[in-house]
Amino acid sequence: MTKKLENSLLFMWVVSLIATMGSLFFSEVQNYEPCKLCWIQRIFMYPLVIIIGVAYIQKNARIAVTTAIFSCIGACIALYHYGIQKVPFLQDSAVSCGRVSCIGDYINWLGFITIPFLSLIAFILIAATSIFMLNVLKGEK
């Protein structure tokens with residue numbers, strides 16, 4: 001495996017670890033109860049820490065297909081979640097999320113940075129790196 005691919009795996013692992021630790025910090029330390037859409041995003045982020053970590057140890061760059069799929073699905077959910085928080089038109093048609101409202105925002109840094117936004121950025125970084133890795137692997141053949 002090339003150094004580019006190895007560094008890409010390490011980068012994706014660090015991003016997924018920070019995202020996982022951040023979500024646990026918000027829920028376990030700050031006591032912010034996650035809504036259903038937050039849980040779904042966690043379902044797609046948390047396994048990436050283990051999957052990418054194992055791939056890094058095994059030097060398996062082919063995991064980029066899996067990480068691309070997980071991160072693209074997670075990004076779509078995060079984008080929808082962010083949209084229902086920030087776009088009034090989408091708020092009116094938002095699904096009911098149970099005990100915790102999906103349109104509420106525990107944090108709103110600089111007027112636009114919310115928890116789903118942070119999740120979206122992490123998923124985009126992982127997806128972009130996965131696509132980069134797939135292109136590198138394609139070029140090596």
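Looking at region 1-51, which of the residues that are without any contact (Cβ under 8 Å) to a residue 40 or more places away in the chain and among the β-branched types (Val, Ile, Thr) is nearest to Gly104 (Cα to Cα)?
For region 1-51, the residue satisfying everything is Ile40.
Please list, ordered by residue number, the helices (runs of 4 or more DSSP H) wholly in region 28-122 having 1 or more residues that are open to solvent by 80 Å² or more (accessible area, probe 1.4 Å) and under 23 Å from Met12 (Cβ atoms).
Correct list: 36-58, 64-86.
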In region 57-95, anything over 14 Å from Ala127 (Cα atoms) and of a type in the set (Ser, Thr, Tyr) is listed as Tyr80, Tyr82, Ser93
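The values are calculated or read from the model by the stated rules, or taken from the named source; none is laboratory data. Just so we're clear, the structure is a prediction, and the values are computed from it rather than from any experiment. Positions of Cβ are generated from backbone atoms using ideal geometry, with glycine treated the same way; all protein chains shown enter the neighbour counts. For the accessible areas, the whole protein counts, side chains as well, though only heavy atoms, and no ligand, DNA or RNA atoms are used. Shrake-Rupley method; radii C 1.70, N 1.55, O 1.52, S 1.80 Å.
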